[in-house]
Structures are given as structure tokens and as C-alpha cells.
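Notes to accompany the following structure.
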Amino acid sequence: HVNHGIRPDADDEERRLRETAARLGLPFRSERLALPGSPSEEALRDARLTALERLAGVASSPSWVLLGHHRDDQVETLLLRLLRGSGPIGLAGMRRRRGIFLRPLLAVPRDELERYLEESGTAWVEDPTNRDPDRLRNRIRHRLLPLLEREIRPGSIPAIARAARHLGVTRDLQETEAARILARCRMPAGTGALRLDARLLRSYHEGWIEQTLREAVRIVRGSTADIPSPLWQDLVDSIEQARDGRFLLRPDTIVETGRGQIRIERFPDPAPEVTESVEAPLSGRIFFGDGSLQARLYRPTARPSARPARGRIRGVRRIQVFDPDRLVPPVRIRLWRKGDRIGLGPAGGTKKIVDLLSERGVPVPLRARQPVLEDRCGLLWAPGLRRDPRGTVDDATERIWILRWVGDLPADRGLPEGGARTR
């Protein structure tokens, strides 16, 4: 049993189930969820299934988890997804089997289950949220389905259930073929990523391109249920037209297309491994976070034209030069923190690092990995974002400190609003 801990009667429900299990001579295991805020139905479902997997794992032998979804639940799910514009996979409804989960009652009507329970003298629990008219599923259950059966076409509910079953067969065939195409197109990739041969995948029909991409994303992140359909279409168009692009499939997964390949990667844990600051050397190299900082110190020539003011690589500031004698040591590199601000230049004023990351479209899970350089007076440089005007090199400069960041930067993965960038 999974206790969501949300409804006032949640603990009483757990107690009744524990007593029922004792009366039947069955072992009873329970886990209480502790989700922050007001979680959505989808978040509760995912947490519930994860908890059930954990509970099944403590059994002495391999276990199945039997879920109580019935035929009417399946019909409601199909109509709900149809109203949301789902494709063939979504319209196939709930699966009879997925992993350790089985739904043995999926073909049994709700009224038959209730009649059986009444005749056997078995009590059951009604979720009070099932009567909430603000929930679309409840309006389908209490208004649309009775209307279909009573006034539109008697027998609509079993007919829709048959349609879900037919679509389920189609879905299974599609996924089997998509897995074969994926195996043909797959290329070696690092941990946590998956690469495909874009040229080979482009030779298939656009429907198979999407199904193969869905299968690949499912392997990388475990689910595709929360990715909107328009984003899939944008991704397929980019592949068919051989465009370079980056697509954010929800906050934790990115798809990059270009140079004849497709790379699908799930972001690492947003909690960075580096928590301490490190002093930057005047000359040398230090490794930090997802990259390294290279430093070189030299005395400029007498010619002012030979004095570099600032180095840039296609708009992403990976190289900067400072006058070290105008800084207040020690100069250290660390990960940015809430409240960090950096100067905007001659016009004056400062800006929060979090705002700069947001403007660059950096996905939230990657923002925590942004490095910053600071001296005792504040931030000097946020690689990939902005530098502070302090420490600028000019004709009076006697020493030039050249700093170069090598490695990944959150700004490299920046995406505009909408989650896709192509060129």
C-alpha cells in the first residue's frame, strides 16, 4: 500500500487495509510518500509506481504488482488522451503489462466488479476526489460516458474498449519495429547518452523516425509521456531537413542534431560535485567542475595595439584578459550561488547570475553547474555569460593575465523559450 498522506482519511484507509490483510492472513507492507508542495496527478502516479516497485523488491522472491484498473478506466483514459490530441501510442491506453506491473482486470467492467464485491460482502474504498467535477476525467466518467450510453449509442463503452485493444496491438507492433530500426541506427556513445546515425534514420518514413526517436528517448529517460506532440514534430522536421538543432525534451533531456548524427542525453544530477572554491593560479591549469581553467601571465609589449582587451569565441566568452594588479587577491573560482551579481559595464549597475542563465535559456538542472571567478570585491567573470569591467587592460597595464575556460558550460546548452533551436 502507498499512503499519499494528502487526504484527511489517508491514515485511516491504511489502517483498514492493514486489518483486512491480517484477517486474510496476508503480509502487509506500506510506504508513505512525502512530496513537496501540491503535486500533480502525474507526479503522484510516478511516485506511487516507484514506491510500489520498492515495496515489491523487499519480497523474498521476484514479485508482480497487480493494479486494479478496469475496463471503464481504460475507456476514460482513451477519451482523455483523445481530447488532448494524443497519437496512436497514447490512444492505445493503459498497457496490460509493463515491467513488474500487471492489470488483470482491464477487460472487466466496473459494475461487474462492484456487483462481485457486494455479493461477497467485501467493502471497498472510494477516493473522494473521484467526485470532483473540476477534474476532466471525472467529467468524462459522470457526464460524457452516461450520455454516450444513454443518448448517442448504447454499447459505446465496450466499443471504445475494443478500439483501445486494437490500438494496443498496433502500438506493440510499432514499438517492435522501432526497436529494430533503433538497433540499426545506433552508434557508440558515452554514459547517459545515446547516438543515432541521422542519415540512416532519415531514409525511413517520418512516422518511423518519430517512433524510433520515442524509443530512444524512452531508453535514456524512462518515459516519453510528458513530452508534447508539437516538439516531436519539430524534431522530426529538423532531422528530415538535415538541420542542426537542439531540442529540450522536458527539463532533464536534450536532443542535438547535426553533423550526420543525433545525440540524446539526460542531464546529470543538478547537485554539483564541487562545493569548495579553488584559487586561480597566475600561470598553470586547474580542473574544476565540468572543465578546467587555464591561466597565463605575461608582460605586454610597448605597442598598445598588441594589448588584447578581450577574447571571444563566436559570442561565447571563453577567453578573458585581466590586469591582475587591479584585482584584490586572492582570485578564486567557484560555483555560483543565489544572490550572485556581476557588473554590466561602463553604464553601471549589476545583474543576477540566475537572470543571465535564464536569458540564455539554460535548462534549470544545468544552472547549478555554472562556474564564476571572483576576487575579494566580487565577481569578475561568469564564463559563457559575462565579465565584470574591473581589471580591464589598458595602456598603463604592466602585466596581462589571460584566462581560458576549457570544457562544458551551461550556456552551451542554452535554448530559447519553446525548447527548440535550429539553424
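Summary table below
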item	result
Those residues of segment 242-286 which are in a loop (DSSP other than H, G, I, E, B), at pLDDT 90 or above and open to solvent by 50 Å² or more (accessible area, probe 1.4 Å), in sequence order	282, 283
Some residue of segment 122-142 being of a type in the set (A, V, I, L, M), within 20 Å of residue 81 (Cβ to Cβ), more than 24 Å from the chain's Cα centre (by Cα) and open to solvent by less than 50 Å² (accessible area, probe 1.4 Å)	yes
Residues located in segment 50-80, provided they are open to solvent by 30 Å² or more (accessible area, probe 1.4 Å) and at pLDDT 90 or above	52, 66, 68, 69, 71
Check on residue 215, charged (D, E, K, R) and not in a strand (DSSP E or B)	yes
Qualifying residue in segment 66-77 (condition: farther than 21 Å from residue 114 by Cα and either touching a residue at least 24 places away in the same chain (Cβ under 8 Å) or in a helix (DSSP H, G or I) (or both))	no
Single match in 72, 46 (criterion: acidic (Asp, Glu) and in contact with a Lys or Arg (Cβ under 6 Å, 6 or more places away or on another chain))	72
In segment 331-365, the residues that are over 16 Å from residue 388 (Cβ atoms) and open to solvent by less than 40 Å² (accessible area, probe 1.4 Å)	335, 357, 361, 362, 363, 365
Of the criteria (1) closer than 26 Å to residue 254 by Cβ; (2) open to solvent by less than 70 Å² (accessible area, probe 1.4 Å); (3) of a type in the set (Val, Ile, Thr); (4) in contact (Cβ under 8 Å) with a residue 60 or more places away in the chain, which one residue 392 fails	(1)
Given (1) open to solvent by 80 Å² or more (accessible area, probe 1.4 Å); (2) modelled with pLDDT of 90 or more; (3) within 29 Å of the chain's Cα centre (by Cα), number of the condition residue 31 does not satisfy	(1)
Single unsatisfied condition, residue 43 versus (1) assigned to a loop (DSSP other than H, G, I, E, B); (2) surrounded by 13 or more Cβ atoms within 10 Å (Cβ to Cβ)	(1)
Test result for residue 13, more than 18 Å from residue 130 (Cβ to Cβ), part of a helix (DSSP H, G or I) and out of contact with any Ser or Thr (no Cβ under 6 Å at 6 or more places or on another chain)	no
First in segment 154-177 and within 20 Å of residue 143 (Cα to Cα), second anywhere and modelled with pLDDT under 95 and surrounded by fewer than 16 Cβ atoms within 10 Å (Cβ to Cβ), Cβ under 7 Å, 6 or more apart	156/149; 157/149
Any hit, segment 20-31, residues being out of contact with any His (no Cβ under 9 Å at 6 or more places or on another chain), hydroxyl-bearing (Ser, Thr, Tyr) and assigned to a helix (DSSP H, G or I)	yes
Of residues in segment 82-106 being small (Gly, Ala, Ser) and exposed (fewer than 15 other Cβ atoms within 10 Å of the Cβ), the one modelled with the lowest pLDDT	85
Residue 215 being surrounded by 14 or more Cβ atoms within 10 Å (Cβ to Cβ) and at pLDDT 90 or above	yes
Qualifying positions in segment 185-212 - surrounded by 13 or more Cβ atoms within 10 Å (Cβ to Cβ) and in a helix (DSSP H, G or I)	185, 198, 200, 201, 202, 206, 207, 208, 209, 210, 211, 212
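The values are calculated or read from the model by the stated rules, or taken from the named source; none is laboratory data. Small disclaimer: the values here were computed from a predicted structure and weren't measured. No Cβ is skipped: glycine too gets one built from the backbone with ideal geometry, and neighbour counts run over all protein chains shown. For accessibility, only protein heavy atoms count, side chains too; no ligands or nucleic acids. Shrake-Rupley method; radii C 1.70, N 1.55, O 1.52, S 1.80 Å.
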